[in-house]
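*Asks:* My questions will all concern the structure given below.
The values are calculated or read from the model by the stated rules, or taken from the named source; none is laboratory data. Note that the structure is a prediction, hence the values are computed from the model and not measured. Backbone-built Cβ (ideal geometry, glycine too); neighbour counts: all protein chains shown.
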Amino acid sequence: MRTFFIVFLCLINLCFFSQNKNDRILSNEIPEIGIRLELKNFYLESNRFRIQEIKPYLKLSENFKIGIGYCWLKKNNNYFEDSSLISFSSSDFFVSKHWTLSNIFFAETTLDFGLGKIKSTQINNETYKGIYSFLEPALILNYEGFNFFSLGLGSGIRITRSDRSVLSNSLTLPTVILRFSFKLLEIYNHFFITSNSSLYLQYDRRV
C-alpha cells in the first residue's frame, strides 16, 4: 500500500513543481484532486458483506481520472458452510471516465485492479492466509449538487482470484456501490484562496 501512495505523491509533485512547463504531465491549470470513500455490498451464502474503500484520485483531463486506494473487508460474524470467517485487505489502482448528463448528474465507468491478502478463521481458531486479487469494472451515477462533495450509486462485478485453500467459495460476485467523494481542490480554494472559489458571491467580503 505504501508503494502506491508514494507513486501517487510523486505524480502530484511532477504536476505542481516541475520547473520546465513543457515537461508537465498535465495542463498549466491546477488539476482536480479528490478522495473517494466507497462501500461495496455483496451477498454470499445469504450473508451480506461490506467492502470499505478509500481512494485518492487525480483528474488528468476533463473526462479521465486515475487513482490509488486501499480496500478491506472486516471479519464477518457469520460462518460459512465450511466453518470459516473471512477477512481481506488489498491495495488497488483505478482509472475512470465520465460523461456529463446534466448540470448536477454525470455517469462514470471505472476499472479497479487490486492485490492483497485474504484470511479465514475456523471455529477452532485456526487461521489460513493466502493471496487475493481482483479486477472490477463498474458503472456509477453521480450527483454533484453539493459544494464540497458528490454522491454516487452504481453496480459492478468483482472478478476475484484467491487461494481456495483459504476459502472454498468463489468471491467473483456483483456488487452494489455507494460512493462519497470529497472535492479537495474546491475545499482548498474556498478556505485558503478565496478569489479562485466559485462558491463566493459578488458581495462576499472575503473576495
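*Asks:* Collect the residues in the stretch 103-131 that are over 17 Å from LYS74 (Cα atoms) and in contact with a strand residue (DSSP E or B) (Cβ under 7 Å, 6 or more places away or on another chain), keeping them in residue-number order.
*Replies:* Residues satisfying the conditions are ILE104, PHE105, PHE106, ALA107, GLU108, THR109, THR110, LEU111, ASP112, PHE113.
*Asks:* Would you be able to tell me the number of residues in the stretch 132-171 that are farther than 17 Å from LEU73 by Cβ and among the aromatic types (Phe, Trp, Tyr)?
*Replies:* 4
*Asks:* Do we find a residue being in a strand (DSSP E or B), touching a strand residue (DSSP E or B) at 6+ places or on another chain (Cβ under 7 Å) and not hydrophobic (A, V, I, L, M, F, W, C) anywhere in the stretch 60-68?
*Replies:* yes
*Asks:* Next question, about the same structure. Looking at (1) within 30 Å of ARG164 (Cβ to Cβ); (2) surrounded by fewer than 12 Cβ atoms within 10 Å (Cβ to Cβ), find the lone condition where THR121 falls short.
*Replies:* (2)
*Asks:* Evaluate the stretch 31-50: report whether one residue or more is among the aliphatic types (A, V, I, L, M), at pLDDT below 90 and either surrounded by 17 or more Cβ atoms within 10 Å (Cβ to Cβ) or more than 19 Å from ILE157 (Cα to Cα) (or both).
*Replies:* Yes: one or more hits.
*Asks:* Identify, please: which residue in the stretch 180-195 is surrounded by 14 or more Cβ atoms within 10 Å (Cβ to Cβ), of a type outside the set (Ser, Thr, Tyr) and under 22 Å from ILE140 (Cβ atoms) and is, among those, modelled with the highest pLDDT?
*Replies:* PHE182
*Asks:* Kindly check whether there is at least one residue in the stretch 46-68 that is of a type in the set (S, T, N, Q) and in contact with a helix residue (DSSP H, G or I) (Cβ under 6 Å, 6 or more places away or on another chain).
*Replies:* Checked the stretch 46-68: no residue is of a type in the set (S, T, N, Q) and in contact with a helix residue (DSSP H, G or I) (Cβ under 6 Å, 6 or more places away or on another chain).
*Asks:* Follow-up question, since we're still on this one. Considering each residue of the stretch 53-68, count those that are of a type outside the set (A, V, I, L, M, F, W, C) and either touching a residue at least 40 places away in the same chain (Cβ under 8 Å) or surrounded by fewer than 16 Cβ atoms within 10 Å (Cβ to Cβ) (or both), and give that number.
*Replies:* 5
*Asks:* Same structure again: Quick check on my filter: what residues within the stretch 83-97 are surrounded by fewer than 17 Cβ atoms within 10 Å (Cβ to Cβ) and within 30 Å of ASN63 (Cα to Cα)?
*Replies:* Of everything in the stretch 83-97, those that are surrounded by fewer than 17 Cβ atoms within 10 Å (Cβ to Cβ) and within 30 Å of ASN63 (Cα to Cα) turn out to be VAL95, LYS97.
*Asks:* Identify, by number, the condition in (1) among the hydroxyl-bearing types (Ser, Thr, Tyr); (2) at pLDDT below 95; (3) touching a strand residue (DSSP E or B) at 6+ places or on another chain (Cβ under 6 Å); (4) surrounded by 14 or more Cβ atoms within 10 Å (Cβ to Cβ) that THR100 doesn't meet.
*Replies:* (4)
*Asks:* On to the next question. Name, by its number, the condition in (1) closer than 21 Å to ILE35 by Cα; (2) in contact with a Phe, Trp or Tyr (Cβ under 9 Å, 6 or more places away or on another chain) that does not hold for ILE86.
*Replies:* (1)
*Asks:* Step by step: first the residues of the stretch 69-80, then only those that are without any contact (Cβ under 8 Å) to a residue 60 or more places away in the chain and surrounded by fewer than 19 Cβ atoms within 10 Å (Cβ to Cβ), then the one that is nearest to GLY114 (Cα to Cα). Which residue is that?
*Replies:* Ranking the qualifying residues of the stretch 69-80, first place goes to TRP72.
*Asks:* Of the residues LYS65, LYS21, LYS55, only one is among the charged types (D, E, K, R) and at pLDDT below 90; which?
*Replies:* LYS21
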